[in-house]
1. Identify all residues within segment B:235-260 that are part of a helix (DSSP H, G or I), free of Cβ contacts under 8 Å to residues at least 60 places away in the same chain and of a type in the set (D, E, K, R); write none if there are none.
2. Let me spell it out: the conditions are (1) surrounded by fewer than 22 Cβ atoms within 10 Å (Cβ to Cβ); (2) within 27 Å of B:Leu394 (Cβ to Cβ), and B:Ile232 meets all of them except one. Which number is the exception?
3. With the condition kept exactly as written, say whether any residue in segment B:189-198 is hydrophobic (A, V, I, L, M, F, W, C), within 14 Å of another protein chain (Cβ to nearest Cβ), farther than 22 Å from B:Met392 by Cα and surrounded by fewer than 24 Cβ atoms within 10 Å (Cβ to Cβ).
4. Do any residues in segment B:377-389 that are touching a residue at least 12 places away in the same chain (Cβ under 8 Å) and under 10 Å from B:Asp30 (Cβ atoms) have Cβ atoms under 9 Å from those of residues that are of a type outside the set (Ser, Thr, Tyr) and assigned to a strand (DSSP E or B), where the two are at least six apart or on different chains, and which pairs are they?
5. Conditions first: (1) surrounded by 14 or more Cβ atoms within 10 Å (Cβ to Cβ); (2) within 12 Å of chain B (Cβ to nearest Cβ); (3) under 25 Å from B:Lys202 (Cα atoms). A:His106 passes all but one, so which condition is the exception?
6. Counting only residues that are more than 7 Å from chain B (Cβ to nearest Cβ) and at pLDDT below 95, which one in segment A:54-78 is farthest from the chain's Cα centre (by Cα)?
7. Working carefully through the options B:Ile47, B:Ile87, find the one that is closer than 22 Å to B:Leu172 by Cβ and touching a His at 6+ places or on another chain (Cβ under 7 Å).
8. Any residue at all in segment B:369-378 that's closer than 22 Å to B:Ser203 by Cα, charged (D, E, K, R) and within 14 Å of chain A (Cβ to nearest Cβ)?
Amino acid sequence: MNQSDQIASCDNPAVPIVLLLEIQQFLYREARLLDGEQYDEWLELLADDIHYWVPGVQARYRKDDAKFSVGRMAFFDDNLEYLKIRVARAKQPSAWAEDPPTRHFHLVGNIEVEKTENPAEWTVHSLILSNRHRTEDDEMEIKARRVDLVRRDQDGSLKLARRKVILQQTVLQSKNINTFL
Amino acid sequence: MSNLVVETTGREVPVAKAGEWVDAENGWIDRRIFWQDDIYALELERIFARCWIFVAHDSQLPEIGDFLTSTIGQDAVIVSRGEDGKIHTFLNSCSHRGNRVCFAEVGKARRFTCNFHGWSYGLDGSLKSVSRPQSYDGNANFDKAQLGLHPARVESYKGMHFACFDPAAPSLEEYLGDFRWYLDVILDNDEGGIEFIDGNIKSRLKCNWKFPAENFVGDSYHAPWTHSSALIAMFGKQPTMRPERSYHANVNGHGWEFGLDFIGNAATLNSPQIIEYLREQEAKFAERLGKVRSRMVGALSSANVFPNLSFLAGHNTFRTWNPKGPSETELHTWVFLNANAPQELKDEYRRGVMLTFSPAGIFEMDDGENFENCTSVNAGVVTRRQKLHAGMGLDSQIDHDELKGNVYQSQINEANQRAFYLRWADLMGAETWADVPVR
């Protein structure tokens, strides 16, 4: 393979540019589906064994325990079944708080792709900015760092197998999270 | 403790109007109490600076040096386990220039040391040392014993620690009164009591703190309507609330609305293991609590300890509504379970609360929208002249052989909300605790 087809990442062997672009497009498309509340199509991007985790982040001293950890309270600690229940609620006509709809905006950036031991799986780092507007002047913004595991499925499509979302805020500056990050 | 001063005494405020703000007898609430700065300022003094405010459960601070930070009204406090093994609560503000002395929300410490001039305080808030102490040599007004961080009283009920800044307030026992009998439904249905699961989810709502507090104290009326989407997503139908088998009960402004259906709340956690556990324990609960209270353990219900500690039996979540201004509230959410319950249920409860009653939960995400809009509309001067109707169930009070406190038939009711606002008005209009009636 020609050197120019490859992109270097700091501690991992190079990943082909074509694959990087494919994974970028996968994340951009996912963001667009979430913006459009196309949740059924979004669910199709997820692997059956998805673990979708948004832990609560705490301001702790450096010498102390981690700012987040497994088993501690979280906003999401979901498998596919839980995610489907959330989607089922969002789709109900009686989800009064969703009508008029929230105007969603998911911005994805700083995408970095790393190889893993499994040739069909990649660790993908990215930043997410979720901006939401409601009615006239209601605005909420959530910024977070994401670490995904993206997998090449047997049918050749990419699937999201793991997602860890590390919020910037320790106190969520929003009344709710009526979207996915 | 002699240097404690209650600032409310003598303050020039429209206290005579407290009775006009709340007409509990006829069920009318003045909207200005959700909006006006002067009313809010008085709330901080007369409600939060003199009521018992929940600060921590015993299991959150198991070892000496464990601490967390919280607020009582808008006063920032440190809650810590001292060398004496007791829970202490004191202001998180240095006696020298007032800087915060603790910046972490939870952790373990030996001292709380100010970043500014190095004044260092012990786990009980007492001043232990300062930098360059020789600078104070011969200085008569530098008495370390007088320069500790201002303490609150701390008392506890079955592992729940409350703090109070008013030396004249009644004991926690008196403050809770017969509501303790109801609290035992969750705090003492098993000999091991409860424990909190690690972590505390925090979020901000642009609402007055009283809207969510009154929602938990008695508003089962909103559940089938507001939460229709979540109920249909989980069950395909609405829950059954039976007027003849459900109640409002309140004591001193604390209130619980409940059915006797045993598992109505717990059923929304999406966990067969939790339902199985409750069913297995049902006979034990009844032995400990009696038949009626045992039916409340996981039932369709909600409750609030005045002013701002809400909880849901069955869901096993406690939460506090911390005021940040007349139209801003910080919600702190915890999950608990019986300490003797199988530990694999920890994840079931933790994930179940996340799915239902956390900011991303399918029930709670509809509530915030309502609370915020109930608040923000009051920017309109004509709007806030219109009183709110809180008159459901005015004639529903009953005598009940077993249930304690003021009891009302049917959980679809507003009796507890009226009791909550009446207690609020009692405190707002009272110069001292001596003027606050037992309700």
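The values are calculated or read from the model by the stated rules, or taken from the named source; none is laboratory data. Fair warning: this is a prediction, and the values are worked out from it, not measured in the lab. Glycine gets a Cβ as well: all are built from the backbone with ideal geometry, and neighbour counts include every protein chain shown.
1. Keep residues of segment B:235-260 that are part of a helix (DSSP H, G or I), which gives B:235, B:243-245.
Keeping just the survivors that are free of Cβ contacts under 8 Å to residues at least 60 places away in the same chain gives B:235, B:245.
Once the filter is applied, which keeps residues that are part of a helix (DSSP H, G or I), free of Cβ contacts under 8 Å to residues at least 60 places away in the same chain and of a type in the set (D, E, K, R), segment B:235-260 yields only B:Arg245.
2. Here B:Ile232 clears every test but (2).
3. Going residue by residue through segment B:189-198, those that are hydrophobic (A, V, I, L, M, F, W, C) are B:194, B:196-197.
If we keep only those that are within 14 Å of another protein chain (Cβ to nearest Cβ) as well, we get B:196-197.
Those left that are additionally farther than 22 Å from B:Met392 by Cα: B:196-197.
Narrowing further to those that are surrounded by fewer than 24 Cβ atoms within 10 Å (Cβ to Cβ): B:196-197.
For segment B:189-198, residues hydrophobic (A, V, I, L, M, F, W, C), within 14 Å of another protein chain (Cβ to nearest Cβ), farther than 22 Å from B:Met392 by Cα and surrounded by fewer than 24 Cβ atoms within 10 Å (Cβ to Cβ): present.
4. So the pair list comes out as B:Lys387/B:Asp23; B:Lys387/B:Trp28; B:Lys387/B:Ile29; B:Leu388/B:Trp28; B:Leu388/B:Ile29.
5. (2)
6. Residues of segment A:54-78 more than 7 Å from chain B (Cβ to nearest Cβ): A:54-55, A:57, A:62-63, A:65-70, A:78.
Checking which are at pLDDT below 95 leaves us with A:62-63, A:65-70.
Working: A:Arg62: 27, A:Lys63: 29, A:Asp65: 25, A:Ala66: 21, A:Lys67: 19, A:Phe68: 17, A:Ser69: 18, A:Val70: 18 Å.
Per the criteria, the residue is A:Lys63.
7. Working: B:Ile47 fails: touching a His at 6+ places or on another chain (Cβ under 7 Å).
One residue alone meets the criteria, B:Ile87.
8. First, pick out the residues of segment B:369-378 that are closer than 22 Å to B:Ser203 by Cα: B:369-377.
Next, only the ones that are charged (D, E, K, R) stay: B:369, B:372.
From what is left, the residues that are within 14 Å of chain A (Cβ to nearest Cβ) are B:369, B:372.
Yes, because at least one residue in segment B:369-378 is closer than 22 Å to B:Ser203 by Cα, charged (D, E, K, R) and within 14 Å of chain A (Cβ to nearest Cβ).
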